[in-house]
Every structure is written in C-alpha cells, then in structure tokens.
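First the structure, in the form of structure tokens, and then the observations on it.
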Amino acid sequence: MTERNTAMAARFPGGTGLLRLLRVCGGAVGLTLFLAACSGATPQRDGTAGLTADLAAPSSGGSAGRPAVVVATPVSAPVPAVTKPSPVVSAAVSTPVAAPGPAPVPAAGQDVGALTTRGGAGRVAQLTQIRCDAALTEASDAVYRYRKLSVQEISARSWAEEALRASDLAQRACDMAPDQAMTALSLRATALYLHGQYSRAALYLEQVPEQTLPEALPRSGGLSTAAVVRQCQTHRPDLDDLRLGILLKQAGHGVQGAEHLKRAARSACAPLAKLADALRRT
C-alpha cells in the first residue's frame with residue numbers, strides 16, 4: 001500500500017496531502033473530494049446552493065435527454081410600511097365644514113351694487129336716502145354761501161363754482177329718491193344761474209315748478225326770475241345786473257344791490273326790466 005501511494009504521489013504532483021485526506025476521511029468522501037479537486041470545481045459552502053445543484057442533476061431513473069429542473073427559492077415581495085397621517089391632516093379631514101353665514105351689509109360709504117346683488121332692497125333705499133339728504137345739505141349750503149360774502153367776492157363769481165359741483169353731486173345722489181329729486185333739480189338750476197350760465201339755467205328751470213325755487217330766484221309783480229331767464233337769456237349784461245342786484249341785496253349790501261337793479265331796469269327786454277324795477281322798490 002505504501003508503494004502504491006508513493007507511485008500515485010509521483011504520478012500526481014502535490015497529491016501527498018490528498019492521500020493523507022483519503023486515509024482520514026475514508027473512501028467515499030475522499031473520492032468525492034478527489035474528483036472535485038481533479039475537475040477544478042470549488043466545493044459549495046452554501047447549503048441552499050448545494051441543494052439546488054443536486055436537484056438540477058438528472059435522477060438515476062430519469063431519461064437521459066430530459067432537461068434539468070432548477071428549483072429557485074421564492075423571494076417575498078417587500079411589504080410597504082404603513083404610515084399614520086400627520087395630526088394636521090387628521091384634523092383637516094375630521095373637522096366639519098361650516099355653512100356660510102349671511103353676507104354682511106355694507107355701511108353708508110360702501111357700494112350700493114353689492115347690496116343689490118345680495119337682495120337688500122330695503123337697505124338700498126335707506127342708503128340712497130342717506131346719501132341724498134347729505135348731498136342736498138351740502139348743495140344748499142354752497143348755493144346760499146353768497147349771504148356771507150363781501151361785495152367783491154360776490155361780483156367775482158368764482159364762489160359759485162362750489163355750488164355747481166355740490167348741486168351736480170346732489171342731482172346724482174337723489175336720482176333714485178323721487179321725493180328729493182325735484183329739490184336737487186331746483187338747486188342745480190339755481191347754481192347755474194348764480195354762475196352766470198343763463199342758457200343752461202333756462203333748460204333746467206323749465207323742468208322745475210317756480211314755487212320750489214329758492215329765494216335766490218325771487219318773484220315780484222307777477223314775474224319770476226325763472227320766467228325772465230327763459231325769455232331774456234340773450235340779454236346777458238342785463239341779466240348780470242339783475243343777478244348781482246338780487247344777491248347783493250339779500251347779502252346785506254343794499255346800496256350796491258340797488259344800483260345793479262336800477263341798471264337792469266333799463267333793459268330792452270321788458271320782463272327783465274319790470275322784475276328789476278319791482279325788486280329795486282321792495
């Protein structure tokens with residue numbers, strides 16, 4: 001036996017260690033390791049891999065040409081992690097949505113159209129009345145401002161520009177207030193007259209009852225200032241004397257007022273002359 005081992009060691013260089021292994025492990029295991037060493041294959045260390053290789057080999061009772069069946073270990077799909085919603089999201093989902101309440105009603109300085117779209121017809125009428133009353137007060141103060149002015153200021157006529165602006169605003173504000181619409185129109189006509197715009201004043205005076213006109217457009221001797229303006233609007237210098245005579249006299253400047261009325265009484269337009277003379281004598 002020793003001689004045979006020596007001969008094999010000489011035939012297979014480096015096989016001395018292998019022969020020792022054969023003695024220790026016995027015949028079957030040693031033969032398996034010997035074949036693996038000769039074929040150059042690396043022994044399988046993974047038990048699962050070795051099992052797969054064994055199953056892949058053809059069985060002793062099977063056909064020689066049957067393909068090998070490889071059994072793979074199933075891989076489980078990753079289970080997604082379950083995350084809890086944040087407290088903010090949970091509160092947003094669980095909080096009930098409150099029903100919208102009634103829309104607020106705008107104050108006096110807010111838009112009327114907003115009230116109309118919300119169906120507040122009563123509030124629209126109330127708001128219109130408030131605006132109209134305030135605008136009429138401002139226009140009336142501007143029209144009668146001449147009572148506190150001096151002779152030079154009344155003659156300058158620039159003070160009447162404020163009356164024009166205020167009366168225009170009053171006419172717009174009271175357009176939807178039938179009870180005050182005529183009052184606003186009369187103030188507008190008076191402001192035009194005070195500013196010396198006689199042609200425009202005549203157009204407005206035709207729409208206003210004479211009894212509603214303020215005292216800046218007086219009546220005397222069966223004649224009215226409104227009728228004189230309508231009939232004598234082309235006699236501008238005479239109308240200027242009539243206007244200044246009325247305003248100066250009502251403002252307490254009787255002497256200057258009488259002088260202007262005296263000149264107006266000489267007008268070639270008979271209605272104007274008669275009215276100026278009647279007002280001068282009162």
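The values are calculated or read from the model by the stated rules, or taken from the named source; none is laboratory data. Bear in mind the structure is a predicted one, so any value in this text is a computation, not a measurement. Note: ideal-geometry Cβ built from the backbone for every residue, glycine included; neighbour counts use all protein chains shown. Areas reflect the complete protein model, heavy atoms only, side chains present, ligands, DNA and RNA absent. Shrake-Rupley method; radii C 1.70, N 1.55, O 1.52, S 1.80 Å.
Let's see how each residue does on (1) crowded, with 18+ Cβ neighbours inside 10 Å; (2) over 12 Å from A163 (Cβ atoms); (3) not β-branched (V, I, T):
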| position | (1), (2), (3) |
| --- | --- |
| T190 | yes, no, no |
| H195 | yes, no, yes |
| L217 | yes, yes, yes |
| S220 | no, yes, yes |
| R230 | no, yes, yes |
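Just need a number here: residues in the stretch 151-162 that are surrounded by 11 or more Cβ atoms within 10 Å (Cβ to Cβ) and either at pLDDT 95 or above or assigned to a helix (DSSP H, G or I) (or both).
Residues that pass the stated criteria total 8.
Restricting the first member to the stretch 243-262 and to residues that are in contact (Cβ under 8 Å) with a residue 40 or more places away in the chain, and the second to residues that are part of a helix (DSSP H, G or I) and of a type in the set (D, E, K, R), the beta-carbon pairs closer than 7 Å and six or more apart or on different chains are Q250/R147; A251/R147. Those helices (runs of 4 or more DSSP H) of the stretch 163-268 in which 1 or more residues are of a type in the set (A, V, I, L, M) and farther than 21 Å from L149 by Cβ occupy 178-194, 198-205, 225-231. The single condition among (1) closer than 22 Å to V124 by Cβ; (2) open to solvent by 10 Å² or more (accessible area, probe 1.4 Å) that A170 does not meet is (2).
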